[in-house]
Amino acid sequence: MSDLELDTLTIIKYPDPRLRKACDPVTVFDDNLRALATRMVELMNQAEGIGLAAPQVGILSQMFVCGVIGKPDEWMAFVNPTLADLDGPMEAAEEGCLSIPDVNVTIRRAVSCRIDALDLDGNPIAYTASDLIARCWQHECDHLQGRLIVDRMSPADQVANRRALKRLESRFRG
Ligand code: ZN
């Protein structure tokens, strides 16, 4: 991908069908992949998010970046990730998504989990985290399977988010 193409990447919004695709594993670890991750971090920081998955910029590859609010230089990329140790305590908390602005959904997730992935050079990495970071990993790994927070709405969430979702749908069609 050229610099020019990277510059034109933006965060795509629900109900763009690309957000519904299962992503392909990354097989090439090169400057293009690093440039893509760097551009995704830029977009994530601009939008004040803590995670962004490649399908959210229209690239159907198994990669996501994860950051820290207020610390734009502290970020990590996870390539071809898999989660484990999800069978401990669960906790419900409200989540948003940069691709679904103004929508918040209460989601039960594992409080802690382990992630196995590759870094941007193709080297294996493994970490364990809890709370917000563990939640972020689970949310982003959902994206790589085409799963969104709107798939997990309770009846109350459906009512609360109906207008915001309708607005996004008509903006996408328009
Ligand atoms: Zn999201």
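The values are calculated or read from the model by the stated rules, or taken from the named source; none is laboratory data. Just so you know, these numbers come straight off a predicted model, no measurement behind them. Glycine gets a Cβ as well: all are built from the backbone with ideal geometry, and neighbour counts include every protein chain shown. All accessible areas refer to the heavy atoms of the entire protein, side chains included, with ligands and DNA or RNA removed. Shrake-Rupley method; radii C 1.70, N 1.55, O 1.52, S 1.80 Å.
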Using θ = phi - 60° and Karplus 6.51 cos²θ - 1.76 cosθ + 1.60, couplings along region 17-23 (whole Hz; Gly, Pro as x):
x, 5, 6, 9, 8, 6, 8
Computed from the beta carbon distance with a Förster radius of 30 Å, FRET efficiency for residue 8 and residue 94 to the nearest 0.05 stands at 0.40
So what's the net charge close to residue 51: Lys and Arg +1, Asp and Glu -1, counting the other residues with Cβ under 11 Å from its Cβ?
-2
Compute the signed sum of charges (Lys and Arg +1, Asp and Glu -1) over the other residues within less than 11 Å, Cβ to Cβ, of residue 152.
-1
Size of charge dipole - the chain - debye, nearest 20, with Cβ of Lys, Arg +1 and Asp, Glu -1, no other charges
960
If you stretched the chain out fully between residue 22 and residue 87, how much longer would it get, using 0.36 nm times the residue separation minus the C-alpha to C-alpha distance?
21.0 nm
Indicate, rounded to the nearest 5 percent, the antiparallel portion of the DSSP beta bridges found entirely in the chain.
95
Expressed as a percent, the accessible surface of the chain that is carbon or sulfur, using a 1.4 Å probe and the full set of protein chains, is 50
Approximate shape of region 3-173 as ellipsoid semi-axes (Cα gyration tensor, √5λ), whole Å, largest first
24, 21, 14
Taking the Cβ-Cβ separation of residue 111 and residue 35 as r and a Förster radius of 35 Å, what is the calculated FRET efficiency to the nearest 0.05?
0.50
Once normalised by the length of the chain, the mean sequence separation of its alpha carbon contacts under 8 Å that are 6 or more apart gives a contact order in percent of 25
Cross-link candidates for residue 166: which lysines have Cα within less than 24 Å, leaving aside residues fewer than 8 places away along the same chain?
13, 21
For labels at residue 69 and residue 173 in the simple 7 Å Cα→Cβ model, what's the distance in nm?
3.4
Lys/Arg +1, Asp/Glu -1 at C-beta; region 3-173 dipole; positive extreme among 81, 28, 101:
101
